[in-house]
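Enquirer: This is the structure, below, for whatever I ask next.
The values are calculated or read from the model by the stated rules, or taken from the named source; none is laboratory data. What you see is a predicted model, and the numbers here were worked out from it, not measured in a lab. Ideal geometry is used to build each Cβ from the backbone, glycine not excepted, and the neighbour counts take in all protein chains shown. Protein only, heavy atoms only, side chains kept; ligands, DNA and RNA dropped before computing areas. Shrake-Rupley method; radii C 1.70, N 1.55, O 1.52, S 1.80 Å.
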Amino acid sequence: MSIAPAPQPDPATPLLIERPNKLRERVGGPLDNTLAEKAEAAVQSLAKDFPQWIEETVTRLQQAHTALGGTPITNANKANLYTAALEAKSLGETYGYPLISRFANSLCRLLVRLPAQATAPHALVEAHVDAIRAVLRLPQTSTQDPVATHLLGEMEEQVRRFLELT
Amino acid sequence: MLSDKLFVDSPNNNEPGMGSLSRLNILIVDDSAHIRRLLLSMLTPMGAQNIFEARTLAQARTVLNTKTLDLAIIDWMLDDPAGDGMALVTEIRQSPLETVTYLPIIMMTGHTERENIELARDMGVTEFLAKPFTAKNLHARLNMLIESPRPFVKSRSYFGPDRRRREHSPIEGLERRNTSPRRIRST
């Protein structure tokens, strides 16, 4: 009497690999919420450095913009400007400058959604960079400055219209 | 003035214990010294004592090859001509070392468009930390990794954490429709 060979798994079938939860084992359980509060407090202890850090971030954005000179901004050459804008977006709010994050977010949106053959309008890009620099002079946590919020709304609208038309 | 010293263990005064990161070896990869300092300031009160910093892919590889890590926090956009954070994720998932290939990865990114998140998931990222982030955001992501780890999926076209965090539908696309995954338990 012969024994039929055990069926071999089909190599095309995906494998679900369940591994022991070593992270939980090493941590010992969920992190208590008080640890998040302590971490927030620790971040606040760095706040005195934030003005300098955001200044450096905005300077990098300006330098990336200046480096483009009058060259049309396209998908081929936007990388450094986009990286700098993304950094300003990412760090502004963390450093207590939420308006910088919002202006930078608008610039990021313009650059990341730039259609393949399109050129970003220089004036609109420059207006974003200038506005971000200007916001640095506002009180750090201001989100309600009427001029800045009006300007932001205008720029977001211009970005939206540009992307719609191209 | 920020220190650019790399691969240093962070001093920590917290008592090691339950629900603490004190026993973890954590890699932070970010070209921004400010962000690394922010992360250190957030992780240290959570008990982290062994944090290894890298600002380039080469430095990250050195840590990966010399330390047994429990977690990596990687920035997508690295100012490194050798590649970005996603290139490092690919290297990690393709590593022949089991301790590296299954490493939980938190990807920090300002690229929060849906297509970018999907791309990163397809490359094997475990969790996202959208910039701008707070200590509470980081704390929540860490707890997600600790309490709800994703099983890994290996298919012809993908290897990495289950992209759906579901018990019964781990595979997306055609493969999900045509096949049921085989489950294995790995030690």
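Enquirer: Under 6 Å by Cβ, and 6 or more places apart or on different chains, what pairs join a residue from segment B:92-113 that is within 9 Å of another protein chain (Cβ to nearest Cβ) and closer than 14 Å to B:L69 by Cα with one that is among the hydrophobic types (A, V, I, L, M, F, W, C) and outside any helix (DSSP H, G or I)?
Expert: Hits for this filter: B:P104/B:L71.
Enquirer: Still on this structure: Within the bounds of segment A:84-92, is there any residue that is of a type in the set (S, T, N, Q) and either surrounded by 19 or more Cβ atoms within 10 Å (Cβ to Cβ) or in a helix (DSSP H, G or I) (or both)? Show your work before the answer.
Expert: Kept after step one, since they are of a type in the set (S, T, N, Q), are these residues of segment A:84-92: A:90.
Now restrict to residues that are either surrounded by 19 or more Cβ atoms within 10 Å (Cβ to Cβ) or in a helix (DSSP H, G or I) (or both): A:90.
Yes, some residue in segment A:84-92 is of a type in the set (S, T, N, Q) and either surrounded by 19 or more Cβ atoms within 10 Å (Cβ to Cβ) or in a helix (DSSP H, G or I) (or both).
Enquirer: Another question about this same structure. If I filter segment B:38-65 down to residues being of a type in the set (V, I, T) and farther than 21 Å from B:S22 by Cβ, which single residue comes out as nearest to the other protein chains (Cβ to nearest Cβ)?
Expert: Per the stated criteria, the residue is B:T56.
Enquirer: Return the pair list, or none, for Cβ contacts closer than 6 Å from residues in segment B:42-58 that are small (G, A, S) to residues that are assigned to a strand (DSSP E or B) and crowded, with 23+ Cβ neighbours inside 10 Å, at least 6 apart or on different chains.
Expert: Pairs that qualify, where the first residue is small (G, A, S) and the partner is assigned to a strand (DSSP E or B) and crowded, with 23+ Cβ neighbours inside 10 Å, are B:A48/B:I26; B:A54/B:V29.
Enquirer: Checking B:I73 against (1) open to solvent by less than 30 Å² (accessible area, probe 1.4 Å); (2) touching a helix residue (DSSP H, G or I) at 6+ places or on another chain (Cβ under 6 Å), which test does it fail?
Expert: It fails just one condition, (2).
Enquirer: Among what's in segment B:131-164 and is under 14 Å from the mean Cα position of the chain (by Cα), under 21 Å from A:L35 (Cβ atoms) and more than 9 Å from chain A (Cβ to nearest Cβ), pick the residue that is surrounded by the most Cβ atoms within 10 Å (Cβ to Cβ).
Expert: Residue satisfying both the conditions and the ranking: B:R141.
Enquirer: So is B:T109 out of contact with any Leu (no Cβ under 8 Å at 6 or more places or on another chain) and open to solvent by less than 40 Å² (accessible area, probe 1.4 Å) or not?
Expert: So B:T109 fails the test.
Enquirer: If A:Q62 meets every condition in (1) within 11 Å of another protein chain (Cβ to nearest Cβ); (2) over 14 Å from the mean Cα position of the chain (by Cα) apart from one, which number is that one?
Expert: Answer for A:Q62: the failing condition is (1).
Enquirer: Related question: Go through the residues of segment A:97-104 one by one and say whether even a single one is under 19 Å from the mean Cα position of the chain (by Cα), modelled with pLDDT under 90 and aromatic (F, W, Y).
Expert: Yes, that holds for at least one residue.
Enquirer: Sticking with this structure for a sec: Which residue out of A:K22, A:K38 is open to solvent by 30 Å² or more (accessible area, probe 1.4 Å) and more than 7 Å from chain B (Cβ to nearest Cβ)? Spell out the reasoning first.
Expert: Values: A:K38 fails: more than 7 Å from chain B (Cβ to nearest Cβ).
The match here is A:K22.
Enquirer: I would also like to ask the following. Just checking: which of the strands (runs of 3 or more DSSP E) contained wholly in segment B:36-112 hold 2 or more residues that are farther than 27 Å from A:L111 by Cβ? Quick ask: steps written out before the conclusion?
Expert: Values: elements: B:50-54, B:71-75, B:105-109.
Those strands (runs of 3 or more DSSP E) span B:50-54, B:71-75.
Enquirer: Which residues, taken from segment A:98-120, are farther than 16 Å from A:E156 by Cα and in contact with a Pro (Cβ under 9 Å, 6 or more places away or on another chain)?
Expert: Passing the criteria: only A:T119.
Enquirer: A follow-up question, please. A:G70 - would you say it is at positive phi, open to solvent by 20 Å² or more (accessible area, probe 1.4 Å) and not polar (S, T, N, Q)? Even if it seems obvious, please write down each step before you answer.
Expert: Working: at positive phi: no; open to solvent by 20 Å² or more (accessible area, probe 1.4 Å): yes; not polar (S, T, N, Q): yes.
No; evaluated as a whole, the condition is false for this residue.
Enquirer: When you go through A:A88, A:A79, A:A67 one by one, which is the residue that is within 13 Å of another protein chain (Cβ to nearest Cβ), among the aliphatic types (A, V, I, L, M) and farther than 21 Å from A:A148 by Cα?
Expert: A:A79
Enquirer: Let me ask something else about it. Looking only at segment A:96-145, how many residues end up being within 14 Å of chain B (Cβ to nearest Cβ), in a loop (DSSP other than H, G, I, E, B) and of a type outside the set (D, E, K, R)? Working first, answer last.
Expert: To start, the set of residues in segment A:96-145 that are within 14 Å of chain B (Cβ to nearest Cβ) comprises A:96-114, A:141, A:143.
So of that shortlist, the ones also in a loop (DSSP other than H, G, I, E, B) come out as A:96-97, A:113-114, A:141, A:143.
From what is left, the residues that are of a type outside the set (D, E, K, R) are A:96-97, A:114, A:141, A:143.
Of the residues in that region, 5 qualify.
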